[in-house]
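The values are calculated or read from the model by the stated rules, or taken from the named source; none is laboratory data. Bear in mind that the values here come from a model prediction, so they are computed numbers and not experimental data. Here the Cβ positions follow ideal geometry from the backbone for every residue, glycine too, while neighbour counts run over all protein chains shown. Side chains included, ligands, DNA and RNA excluded: accessible areas come from the protein's heavy atoms. Shrake-Rupley method; radii C 1.70, N 1.55, O 1.52, S 1.80 Å.
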Amino acid sequence: DSLDAETRFDTQETYERFQQWADTLNPYIQNTLAVVSDAVRGGNFVAEAAQAYAISLDTGMPGRSTSTDSSFGPLTRKYQVSPDHLGFRVGVMKLVETAVGTHTLYAPIPEDYQELIYGTTAQRGSPEQGRVSGRMRQISWISIPQLRAAVETYGLNSLAIPKVDVLDKLPEIQLGMEYVFPDGETSQIYDPSDPRMLDNRTQMNTLRLPGWQTSTAGLQEYADAPVQLRGIIETLSHLLGVPVISIGTAPHYGERIYAKGSPYKR
């Protein structure tokens, strides 16, 4: 009653409701070590890691990382299993990098390209803005050195690329190939311990590839994808050393192109 709130609730009623939930859930509450360990070893297990490589606690930039670990490490340590038991280790990446906050943009995309992406993502119901802050996300071209580091660090053996349809209108796609530091030195290594990586003057040399400039909505066969999109996908696979097994072409589940051998293909 001391809180200045319009809504009140009955504590006894709330307690009884939670007690009913406890009775319902109680048979399912147990030590998960044996259950998860057996499931992982048996190949019937799906786990999702959180956040992203470049903002993870161990692999992100100093002062710009979260308290999460985006790798399989916590899973394998907690449940005493080797990463070798994890069959498909899928990395999820977009063809452009988006971020909210004080991130260094090594290869920012032109403003007119950004507006095209903002408009398309708004139309598909998921605008490029922070869920909490509401600020529009910054957009830049992806960094191949950073992606290669993620693939190697986590032992990824496949990639899934969602939301290619938001780039349907772009005349070109660029891939960041190497960092160019203010002192003129170049590097193809993602090194978060290098202070030059936090310098806003650091840029990237990019590889320019033609965009497809046609709708990818509804496509489900790789052979039907625009040749320019297939060229970008195959270039990425070559540069990163792992196959792309899924390409998202619309907001809804199942609206994607499945590669041959994909675990998602039915």
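Could you figure out which of (1) open to solvent by 50 Å² or more (accessible area, probe 1.4 Å); (2) outside any helix (DSSP H, G or I); (3) closer than 26 Å to residue 123 by Cα; (4) polar (S, T, N, Q) isn't true of residue 200?
Among (1) open to solvent by 50 Å² or more (accessible area, probe 1.4 Å); (2) outside any helix (DSSP H, G or I); (3) closer than 26 Å to residue 123 by Cα; (4) polar (S, T, N, Q), residue 200 violates only (3).
Name the one entry in 236, 209 that is farther than 16 Å from residue 117 by Cα and touching a residue at least 60 places away in the same chain (Cβ under 8 Å).
236
Taking the condition in a helix (DSSP H, G or I), open to solvent by 40 Å² or more (accessible area, probe 1.4 Å) and in contact (Cβ under 8 Å) with a residue 12 or more places away in the chain, does residue 33 pass?
Yes: the conditions hold for residue 33.
In the range 234-248, how many residues are open to solvent by 30 Å² or more (accessible area, probe 1.4 Å) and in a loop (DSSP other than H, G, I, E, B)?
Final tally of qualifying residues: 2.
Per-residue answers, yes or no, for (1) over 14 Å from the mean Cα position of the chain (by Cα); (2) modelled with pLDDT of 85 or more; (3) not basic (Lys, Arg):
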{"position": "123", "(1), (2), (3)": "yes, no, yes"}
{"position": "152", "(1), (2), (3)": "yes, yes, yes"}
{"position": "162", "(1), (2), (3)": "no, yes, yes"}
{"position": "167", "(1), (2), (3)": "yes, yes, yes"}
{"position": "175", "(1), (2), (3)": "yes, yes, yes"}
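Open to solvent by 80 Å² or more (accessible area, probe 1.4 Å), free of Cβ contacts under 8 Å to residues at least 24 places away in the same chain, assigned to a loop (DSSP other than H, G, I, E, B) and out of contact with any Gly (no Cβ under 7 Å at 6 or more places or on another chain): does that describe residue 20?
No; evaluated as a whole, the condition is false for this residue.
So how many residues does the range 78-109 have that are assigned to a strand (DSSP E or B), open to solvent by 60 Å² or more (accessible area, probe 1.4 Å) and farther than 19 Å from residue 202 by Cβ?
Step one: list which residues in the range 78-109 are assigned to a strand (DSSP E or B), which gives 90-92, 96-99, 108.
Going one step further and asking which of them are open to solvent by 60 Å² or more (accessible area, probe 1.4 Å), we end up with 92, 97, 108.
Then keep just the ones that are farther than 19 Å from residue 202 by Cβ; that gives 92.
So the answer is 1.
Return the pair list, or none, for Cβ contacts closer than 6 Å from residues in the range 145-169 that are over 11 Å from residue 93 (Cα atoms) to residues that are of a type outside the set (A, V, I, L, M) and part of a helix (DSSP H, G or I), at least 6 apart or on different chains.
Qualifying pairs under 6 Å: 155/83; 166/120; 166/121.
So, in the range 205-257, exactly how many residues are acidic (Asp, Glu) and under 21 Å from the mean Cα position of the chain (by Cα)?
2
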